[in-house]
Structures are given as C-alpha cells and as structure tokens.
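All remarks here apply to the structure that follows.
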Amino acid sequence: LIAVICGAVLGVAFGQEPYLGGLSNQQLGRLGMFLVQLLKTLAIPLIFFAILDALIRTSLPLSQGTRLLVICLVNVSVAMTIGLVIMNTWQPGLAWNGHVDELLHLVPGSSPPGKLATSQTPIEDLAAYIPRTILAPFSTNNIIGVVLLALVIGALLRRLHVTTTKRGDGDHVVVRAVELIYAWLVRILGWIILAVPFAVFGVVAQVVGKSGVAVFSILWIFLVAMLAGLTVH
C-alpha cells in the first residue's frame, strides 16, 4: 500500500517527464517489470525442486497423511468459499468490462491474451499436459507438466534415498544436490520478495504518470476485494 501511494504521487508529480538526472517513471516501470520477470523465471524451477525435496525427505504415515489431506481440503474449501462470495457479491470484473485492452496497453511488458486452445475430449486435455520432452515444460512454463515430471523423478529419487540410507552409505550425491539447489532457490525467492514493493512502486509510477490517477477508478475494487479476502481468511 505504501508503494502504491508513493508511486501514484510520483506519477502525478512528474508524469512522463524526466527528473533526478534523467530518470523517468517509464524507466522505473521497466525496472519493476524486471523484478516481476525474475519471479516468473524462478517459479518453475522452484516448484520442481520443492516437489523433489518434499518427496525425498518427507515421510508421512497413513494416519498423518490422511489428516493432512483433510486439513488441506478444508483450507481450500474455506478459501474458495470466501473468494466466490466476494467475487459474486461485488462483481469486480464488471469494472474491467471494455477496459482490458486499455489496461494492458498501460502496463509495461503486457500483451493481449491469445485465444485458448480447446479440445473435444477430457483425454485430449490430459494428453496436452504430458510433456513431449523432459525440458519442454520448463521452456513453455507448463506448470502441470513440471509437476508431473517432478512427481515421477521424485519417486525415483526417494527410492534411491531409501536404498542408500538402509545400506548406511549416507545421502546420494543427487539427493544432496536437490536439497542444496532448493535451499538456494528459496533464498533467492526471499531476496526478490523483499524487493517486490519497489517493483510495485515503479510500475504504479509509470502507469499513473502515463494515464493519471483515473486508472484507479477501474482498479480500486480489485485491491479492496483482495485485501478483504486476505483479512477474512
């Protein structure tokens, strides 16, 4: 919220004009989107190694696993109920009706979404998520494909880990590598998250500097809806 307010003030004060040694709100917006791109780049490997690490290290008896599953289902059900009530009561999506292309034009690095590919049968839908090659899910940002690949590889690594542990050989080098990479990815994620308010500050400064504070007449209801959902949950 502080970043949004400060970015809006800077956008109103200077618009698209340069200041502070030639720095402009447009450049701040590009720097902000750079951090957003880093988050998107980190997401796929983080998901992959998080699943691998969990499958290798976690051991849940049937009773604890069932309890964990029930807790997760209750948590997801409550979260979905809160979200659906807020969305259907306030209907914030109506505020974007006819303004999507305009908003995408204002945000740096954005482009109109393409048409979604549709298939005729559930089997074709399922087959679309199966990666054609091992590296394909990473290059195409196919999250479901990454999850499926991580589950298969994680199951194999867990068997390897259990076998080496029983023999008293200690952790296998691959298992140690997975644990080390995951720890570093989490640390990098923490660094990026600390910089997220600065990204918000830069993007808001650019958008407000380009279109004025009138943009909040469309976006304010989404901000309120998200904050209300987080508070209630």
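None of the figures in this text is laboratory data; all of them are computed from the coordinates on show. Since this is a predicted model, take the numbers as computed values, not measurements. All Cβ positions, even for glycine, are placed from backbone atoms using ideal geometry, and neighbour counts span all protein chains on display.
With R₀ set to 22 Å, the beta-carbon distance separating Thr41 from Phe222 gives a calculated FRET efficiency near 0.30.
Shape of the stretch 32-87 from the C-alpha gyration tensor: oblate (a/c of 1.5 or more and a/b not above b/c, with a ≥ b ≥ c the square roots of its eigenvalues). Between Met87 and Phe138, the modelled labels are 3.3 nm apart [label points 7 Å from Cα along Cα→Cβ]. Available extension along the chain between Val162 and Val74 is 28.5 nm, counting 0.36 nm per residue and deducting the alpha carbon span. With the cut-off at 1.5 for a/c, could you classify the stretch 1-101 from its C-alpha gyration tensor as rounded, prolate or oblate? It is oblate, given that a/c is not under 1.5 and a/b is not larger than b/c.
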